[in-house]
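Here is the structure we will look at.
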Amino acid sequence: MKKRATAADKKQTLLGLVMLAVLAVPFAAAGLGILLFMTAPMVYDWARMQTWNSVPAQVDSATLQSHKPSKGGTTYRVSTHYRYQVAGVEYTGDRASITTRADNIGSFQERLGHRLQSAERTGEPVPVWVNPAQPAESVVDRSLRPGLLALQLGLALVFGAFGGSVVFWAARTLLRRRQQSAHA
């Protein structure tokens, strides 16, 4: 004989589903946040930079900043200042790449830092990409980094899919139970 669920059992199950959904929301939010605030702006900047013009620039300073946290590997970030001319007007820039955050994804930051430091030492000009509509906007390296893109998309997918599917499952289960209790 099947045991009929008591009101206390139903209340406990309802509370458990609500708590599960509440705990899953930060995972869904993290996935969405990574997608909207890290990945989308990076891809947007990369796409619009494809129409920019290359001009030679003189590197005034270039440093490769490193940070070694207590746990994990060393992260790197390139800091630079350079001068360039567009239509006879001199501009300055400080954007080394599409992303401005430090990271340890591959050796991109180290290679770019060493290239800019070498140009600073030798006085050899480096090409920078300049927005033709706003010549004060420029970047040294406009490449989209596949490793960083894959990591961000993977994290957004894992967190977003996990959190979103748990919230969806809990909401669907709650709605079904509500419908069943209304028909009973």
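The values are calculated or read from the model by the stated rules, or taken from the named source; none is laboratory data. Worth saying up front: this structure is predicted, and the values here are computed from it rather than measured. For neighbour counting, all protein chains shown are included, and Cβ atoms are generated from backbone atoms with ideal geometry for every residue, glycine included. Ligands, DNA and RNA are excluded from the accessible area calculation, which covers all protein heavy atoms including side chains. Shrake-Rupley method; radii C 1.70, N 1.55, O 1.52, S 1.80 Å.
Can you tally the net charge around Ser107? Count Lys and Arg as +1, Asp and Glu as -1, for every other residue whose Cβ sits under 14 Å from the Cβ of Ser107.
Working: positive: Arg77, Arg111, Arg115, Arg145; negative: Asp103, Glu110, Asp141.
After counting each charged neighbour, the total is +1.
Please report the antiparallel percentage of the DSSP beta bridges confined to the chain, to the nearest 5. If I count the DSSP bridges inside the chain, around 95 percent turn out antiparallel.
Largest first and in whole Å, the equivalent-ellipsoid semi-axes of region 75-152 read 24, 16, 9, each the square root of five times a Cα gyration tensor eigenvalue. For the chain, the Cβ-based charge dipole about the Cα centre amounts to some 1740 debye (Lys, Arg positive; Asp, Glu negative; other atoms uncharged).
On a 1.4 Å probe surface of the protein chains, which of Phe37, Phe162, Phe108 comes out largest in accessible area, and what is the full order?
Working: Phe37 155, Phe162 105, Phe108 25 Å².
So, going from the largest accessible area down, we get Phe37, Phe162, Phe108.
Farthest toward the positive end of the dipole of the chain, out of Val139, Ala150, Thr75, is the Cα of Ala150, where the dipole comes from beta carbon charges about the Cα centre. The phi-based Karplus calculation (6.51 cos²θ - 1.76 cosθ + 1.60; θ = phi - 60°) puts the 3J(HN,Hα) values of region 109-124 at 4, 5, 5, 5, x, 5, 5, 6, 5, 5, 5, 5, 5, 8, x, 5 Hz, whole numbers, x for Gly and Pro.
If you scale each eigenvalue of the Cα gyration tensor by 5 and take the root, what three semi-axes come out for the chain, rounded to whole angstrom and sorted largest first? Spell out each step's value before the answer.
Numbers: eigenvalues 568, 67, 21 Å².
The three semi-axes for the chain are 53, 18, 10 Å.
Please identify the trypsin sites (Lys or Arg not before Pro) of region 37-96 that satisfy two criteria: DSSP loop assignment and at most 16 other Cβ atoms within 10 Å. Which are they? Walk me through the intermediate numbers first.
On the way: sites: Arg48, Lys71, Arg77, Arg83, Arg95; in loops: Lys71, Arg95.
Answer in residue order: Lys71.
Roughly how many Å is it from the Cα centre of region 133-184 to that of region 41-111, as a whole number? Their Cα centres are 28 Å away from one another.
Can you compute the FRET efficiency between Ser70 and Asp94 using 1/(1 + (r/R0)^6), with r the Cβ-Cβ distance and R0 = 35 Å? Round to the nearest 0.05. Please list the in-between numbers first.
On the way: r = 30 Å, r/R0 = 0.84.
Calculated transfer efficiency: 0.75.
When the helix-only estimate is applied to the chain (DSSP H runs of n ≥ 4, each -39,500 (n - 2.57), divided by the residue count), what is the mean residue ellipticity at 222 nm, nearest 500 deg cm²/dmol?
-17500 deg cm²/dmol, from helical runs alone.
Legend: residues Trp46, Trp52, sorted from most to least accessible area (1.4 Å probe; ligands, DNA and RNA excluded), read Trp46, Trp52. Between the beta carbons of Arg172 and Ala29, assuming R0 = 25 Å, the FRET efficiency works out to 0.80 to the nearest 0.05.
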